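Structure first, commentary second.
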Amino acid sequence: MSSAASRVFNACRALLAPAKSSSSASVATRTNSTTAKKPKTKSPASVRPVGILKVGPISPTLARFLGASESSRADAVRKIWTHIKTHNLQRMVISIGLWVQNPQNKREIICDAKLKAIFDGKDTVGFLEIGKLLSPHFVKTA
């Protein structure tokens with residue numbers, strides 16, 4: 001060993017020791033991986049939905065719109081967005097009796113009769129307001 005290497009490593013024997021053979025390292029790795037226990041995962045059937053995925057009773061107004069007496073918040077929002085997209089109610093404004101795209105406010109939703117019933121009779125709704133306006137339609141249960 002050169003004197004330069006001993007000065008750099010301060011003659012540390014661990015750094016200057018020869019490497020162990022790769023065959024003994026692979027045997028140790030195999031034995032540890034086979035004996036290690038895998039974490040248990042719950043089956044999808046045993047997991048109950050919580051939060052916005054939890055199905056619960058809804059108001060009669062929202063039930064008429066969705067066609068069901070119970071729904072999750074996520075499913076209700078999904079069906080409302082489907083209604084908005086199929087009836088082309090996003091970013092539309094009446095201009096001289098014609099429906100015209102409104103590129104200035106892409107977040108605006110024009111409410112038709114069905115949406116007005118859900119959204120307290122509002123003519124236009126911002127897409128961030130949908131969650132807030134749906135809250136009274138979900139009945140709190142104990």
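Between residue 113 and residue 50, what length comes free when the chain is fully extended (0.36 nm per residue of separation minus the Cα-Cα distance, one decimal in nm)? Don't skip to the end; give the middle numbers.
Details: separation 63, 0.36 × 63 = 22.68 nm, distance 3.17 nm.
Computed gain between residue 113 and residue 50 is 19.5 nm.
Need the full-extension length gain, residue 135 to residue 90, defined as separation in residues times 0.36 nm minus the C-alpha distance. One decimal, nm.
Answer, rounded to one decimal: 14.1 nm.
Please list, ordered by chain and number, the residues whose modelled amide H lies under 5 Å from the amide H of residue 124; skip anything fewer than 5 residues away on the same chain.
Hits under the 5 Å cutoff: 111.
Would you pull out the residues with amide H under 5 Å of residue 71's amide H, same chain only if 5 or more places away, H placed 1.01 Å from N?
Close amide H contacts, sequence-distant or interchain: 56, 58.
I want the local charge near residue 117. Using Cβ-Cβ distances under 15 Å, sum +1 for each Lys or Arg and -1 for each Asp or Glu among the other residues.
For residues surrounding residue 117, the net value is +2.
No value in this document is a laboratory result; all are computed from the given coordinates. All values reported here derive from a predicted model rather than from experimental measurement. Here the Cβ is made from the backbone with ideal geometry for all residues, glycine too, and neighbour counts use every protein chain on show.
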